[in-house]
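Accompanying notes for the structure given below.
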Amino acid sequence: MLIPYLRNELWKLFGKKRTYIGFGAFLLAQTAMLLVFQLGPVQRRMEGLLAGNGYLAHEYISALTVALFMIFPQIVMFMPLYAALVGGDLVAKEAEDGTLRMILSRPISRLQLLLAKWLAGAIFSALLVAMLGATALCLARIWFPWRSMFVSMPGMVFSVLPAGEGLRLYLFSHLFTAINATVILGLAFMFSCFNMKPAAATTLALSFLFLNLVMESIPFFEQYHEWFLTYHFRAWLYVFARPIPWSRMAESLCVLLAFGLTAFLIGAAAFQARDIKS
């Protein structure tokens with residue numbers, strides 16, 4: 001019974017115009033960032049950083065380097081917004097429209113319904129991340145040559161990679177980014193299982209992430225950074241480190257998966273207790 005309902009949820013999800021807001025916003029943001037990069041100051045700063053470490057800048061200012069430069073701020077700012085927007089809609093919007101009562105009159109349990117909706121949201125998250133990475137790389141390739149890759153994140157990663165290896169790691173990093181997006185969507189999904197409006201569920205999820213980000217940035221909480229979700233979201237950057245800190249990445253992956261499962265179970269428990277049919 002799960003497959004037909006999952007197909008139905010995907011049909012409903014991708015039939016809404018607001019589902020595609022994130023895809024359009026990514027294209028606009030990437031185009032604007034490419035124009036800014038072409039103006040000069042950002043590119044000159046990157047060239048200075050390479051030259052200061054003994055590398056020839058023209059060998060590493062490439063499509064892969066610029067694509068990673070473009071997706072990083074979007075992963076931090078835009079992806080949580082659009083993942084939470086869709087996650088907050090999955091249950092709360094149907095409750096608001098009054099269609100949940102009709103759906104639950106069919107031979108499906110509440111847990112099966114929630115699982116189908118969560119899986120549809122996870123597929124959307126993966127497609128959102130895939131589209132982000134693909135469009136960034138395609139647009140960067142139009143403006144920049146296909147050369148070696150340069151990755152620099154202060155305090156985390158500084159690497160220069162051949163084009164082939166850089167591409168493999170670029171694609172591999174999107175697997176971890178998709179997990180991040182699914183966890184954010186699952187957080188908003190949890191709130192949407194409670195008796196609240198879709199906008200409230202989205203706002204609560206984003207507020208929780210913002211609180212994590214603010215508290216992690218406070219120096220007094222530095223020794224507790226492993227307790228904050230945003231700390232584990234940055235594990236995807238370690239894909240480009242040399243050597244790759246697999247233990248650090250595995251730790252963050254376990255935390256994110258556990259958090260996602262906990263959010264789903266809390267949402268399912270709240271949904272089971274709701275009186276929808278009255």
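The values are calculated or read from the model by the stated rules, or taken from the named source; none is laboratory data. Everything quoted here is computed from the prediction, not taken from an experiment. Cβ atoms come from the backbone with ideal geometry, glycine included; neighbour counts cover every protein chain shown. Please note that ligands, DNA and RNA were not included when accessible areas were found on the heavy atoms of the full protein model with its side chains. Shrake-Rupley method; radii C 1.70, N 1.55, O 1.52, S 1.80 Å.
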Legend entry - Accessible-area order (highest first, 1.4 angstrom probe) of the listed residues Asp275, Asp89: Asp275, Asp89
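Which order, highest average first, do 19-27, 90-98 follow once you tally other Cβ atoms within 10 Å for each residue and take the mean per peptide?
90-98, 19-27
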Legend entry - Of Ala268, Phe210, Ser252, farthest towards positive along the dipole that unit charges on Lys, Arg, Asp, Glu beta carbons give the range 204-278: Ala268
Inset, instruction - Return the sequence-ordered ³J(HN,Hα) values of the range 201-215 in whole Hz as given by the Karplus equation 6.51 cos²θ - 1.76 cosθ + 1.60 applied to θ = phi - 60°, using x for Gly and Pro. - result: 5, 5, 5, 5, 5, 5, 5, 4, 5, 5, 4, 4, 5, 5, 5
Legend entry - For the range 126-140, 3J(HN,Hα) per residue [Karplus equation, 6.51 cos²θ - 1.76 cosθ + 1.60, θ = phi - 60°, Hz, x = Gly/Pro]: 5, 5, 4, 5, 4, 5, 4, x, 5, 5, 4, 5, 5, 5, 5
Inset, instruction - Before rounding to the nearest 500, sum -39500 (n - 2.57) across all DSSP H runs of length at least 4 in the chain and divide by the residue total; then give [θ] at 222 nm in deg cm²/dmol. - result: -24000 deg cm²/dmol
Legend entry - Surface share of carbon and sulfur [accessible, 1.4 angstrom probe, percent] for the chain: 70 percent
Inset, instruction - Have a look at Val129, Ser159, Leu90 and report the one farthest towards the positive end of the charge dipole of the chain, computed about the Cα centre with Cβ charges (Lys/Arg +1, Asp/Glu -1). - result: Leu90
Inset, instruction - Work out the length of the dipole vector of the chain about its Cα centre, built from +1 on the beta-carbon of each Lys and Arg and -1 on the beta-carbon of each Asp and Glu, and round it to the nearest 20 debye. - result: 720 debye
Inset, instruction - Please calculate how many Å² of accessible area the chain carries per residue, with a 1.4 Å probe and no DNA, RNA or ligand atoms counted. - result: 49 Å²
Inset, instruction - Mind giving me the FRET efficiency for Leu27 and Gln272? R0 is 35 Å, r the Cβ-Cβ distance, nearest 0.05 is fine. - result: 0.30
Legend entry - Nonlocal Lys pairs with alpha-carbon distance under 13 Å, the chain (8 or more apart, or different chains): 5
